[in-house]
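Quick notes on the structure that follows.
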Amino acid sequence: MTTHGDAVGPSALSAVPAVPDEKDTSGPSERTRTDRTRPVNQGNSPAPEVPPALGRLATALSRLRATLGAVSYPLVLPSAEEARKVGAALLAQVNDYLLPRLARLDAPLLVVVGGSTGAGKSTLVNSLVQAPVSTSGVLRPTTRSPVLVAHPDDLTWFGRGGLLPGLTRTGEPSTDANALQVVPAPTIGPGLALLDAPDVDSVVDHNRHLAAQLLAAADLWLFVTTAARYADAVPWELLKTARLRGTVIALVLDRVPVDAAAEIAAHLGEMLTAHDLGAAPLFVLPETELDDRGLLPDSAVGPMRLWFAKLAADSNARDAVVRQTLDGALGALAPALIGLAEAADEQIKTARNLDERTEAAYRTAHNTVDEGLQDGRLLRGEVLARWQEFIGTGEFLRSLESRVGHLRDRLVAAISGRPAPGRNLQVAMESQLVTLLRGVASDAAEQAYAAWQSHPAGAALLEPELQKSSADLQERADRLVRDWQQWVLEMVRREAADKRSVARGAAYAVNGVGLAVMIAVFTTTAFIPTGLEVAAGAGSVVAGQKVLEAVFGDQAIRTLATRARTELLARVDELFEAEAARFTERTATVRLEVEPGGVMRQVAAEVESARKELALTGSES
């Protein structure tokens, strides 16, 4: 295998002192691989000081954490599920690794041992520390907490929860899914810790998620596979993710038949090269019997133990690994955030689209009511009959030849003596308006429902009751019309305060004029009959116009009718807004998020700028 590949370990692991070529202690690939880990960074010069850009980077990451936590991608879109997964993974990495590691670049190196089910991770960890610290599972999947093994001098760092703060520390084996067992082991050198992670392909969701979370918190990922399973798809997907993040990777090929070691190692090497992982150190462990403590013999695991011991002892090598992995993880944030920003933009765009469909349905409802107030349809039937009854059609029309002064007196007398027809007219108008409002609200609900149902994101938010108007619409529409009628009467009372003829008629006169104003609202031009208004009984309407003009004057009645119509439509709009809110409240979560896509792009730029300025690996790339 060759050492090409610029995304993983050559710059970092080249600083690790080479493992001597111990004849017959490992497969041929191991001897070739360890020859290539010759040190290029000799000496014990101190690691370069962290520049002031570190503070800016930490601030940007804190802002990134807040942004990721505020975006939920609730709408069902092709990009949403992946965005939620990526967002959760980035948030976990910021909390579990990036911020803690930036706070202590000199903290011990964390090696996370991951791999497939039954690959021998726990046995390998136990063998490296020469003690049964991590229990191997007999039944799969093993349900237990991950185990972190560190030198006693390093327990302060790993035990206090700075790294992986979401996991509760424990000193004993536990079945708690959110626990991390921390075990001291004097046999492992200070400066380096091993973490035995759950299976990356576990059938238990939590185990898989926790494995991915732990791998994202690794300074170095030691991937363990077997001769029988090294080509499985799931581990390679994780290896690809680790490579893209810039995580330093080393591999262990376990349980290799001695007679097939060269062939299998060569094939694995080809796969590594094809995945741009050709520079990753590879350790080949032959198929062998375990000793009475369940450990691998020193002949098999000795070279790897020596390699890790030298890595732990070399501060420059550890620093190089930490900086490369940290820089890679930071560098991978920007493209991931751009993808999340696009997904967030799609959420907002879709929410607006659904809202516009709702608005269109209820805008049509508004227009239908407005047309109903103008085309004379509300003057038909019961309303027309009650209006004619109220004004005494035949006799009242004949009286139009009288003088205006006499007409005022007749109006007061007529209204004062006929309270019942006025009440009947008011009820008829109320019923007619409520019927119109119920009908158009029902139509709007059906239209909005159908419009949402045609979009996958909208269909996922619907419930059957949305297809109809609200259960209490009848009650609210009744109250709306009654309140509007009362508003009209109050308006007439205020406007008629200086009209002596109306004042003399007291409440009956005010009610009569108010009812006439309401009738005026049901026509286009305040009693100038056109089109359907003629068919609706123009003679009676004109009579009403003359009555009002006699009391208030021509321009005044037009103004009153216009004001009354405007007020009614405003109240209708409030009713329809409440109906539309049954739909739009389901997209409110998205709309309340203040341009998360733009914020994420800005934060991505801040993180990338600070990363380049920090130059963890000695360059700006």
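The values are calculated or read from the model by the stated rules, or taken from the named source; none is laboratory data. Values in this document were obtained by computation on a predicted structure and should not be read as measured data. Cβ coordinates were reconstructed from backbone atoms using ideal geometry, including for glycine residues, and neighbour counts include every protein chain displayed.
At-a-glance table
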quantity	calculated
Qualifying residue in the range 495-513 (condition: among the acidic types (Asp, Glu), modelled with pLDDT of 85 or more and assigned to a helix (DSSP H, G or I))	no
Filter result (outside any helix (DSSP H, G or I), over 25 Å from residue 318 (Cβ atoms) and either at pLDDT below 85 or within 35 Å of the chain's Cα centre (by Cα) (or both)) within the range 232-255	232
Failed item, numbered, when residue 566 is tested on (1) under 23 Å from residue 376 (Cβ atoms); (2) surrounded by 13 or more Cβ atoms within 10 Å (Cβ to Cβ); (3) at pLDDT 85 or above	(2)
Residue list for the range 589-621, restricted to those being surrounded by fewer than 21 Cβ atoms within 10 Å (Cβ to Cβ), in a helix (DSSP H, G or I) and at pLDDT below 90	589, 591, 592
Criterion (at pLDDT 90 or above and either surrounded by fewer than 16 Cβ atoms within 10 Å (Cβ to Cβ) or not hydroxyl-bearing (Ser, Thr, Tyr) (or both)) met by exactly one of 379, 437, 384, 411	437
Hey, residue 228 outside any strand (DSSP E or B) and in contact with an Asp or Glu (Cβ under 9 Å, 6 or more places away or on another chain) or not	no
Long-range neighbours under 8 Å by Cβ, at least six apart or interchain, first residue under 30 Å from residue 488 (Cα atoms) and acidic (Asp, Glu) within the range 567-592, second modelled with pLDDT of 95 or more and not in a helix (DSSP H, G or I)	579/469; 579/470
Residue 266 being touching a residue at least 60 places away in the same chain (Cβ under 8 Å), more than 22 Å from residue 128 (Cβ to Cβ) and assigned by TED's automatic domain parsing to the domain that holds residue 157	yes
Verdict on residue 332 being modelled with pLDDT under 95 and surrounded by fewer than 20 Cβ atoms within 10 Å (Cβ to Cβ)	yes
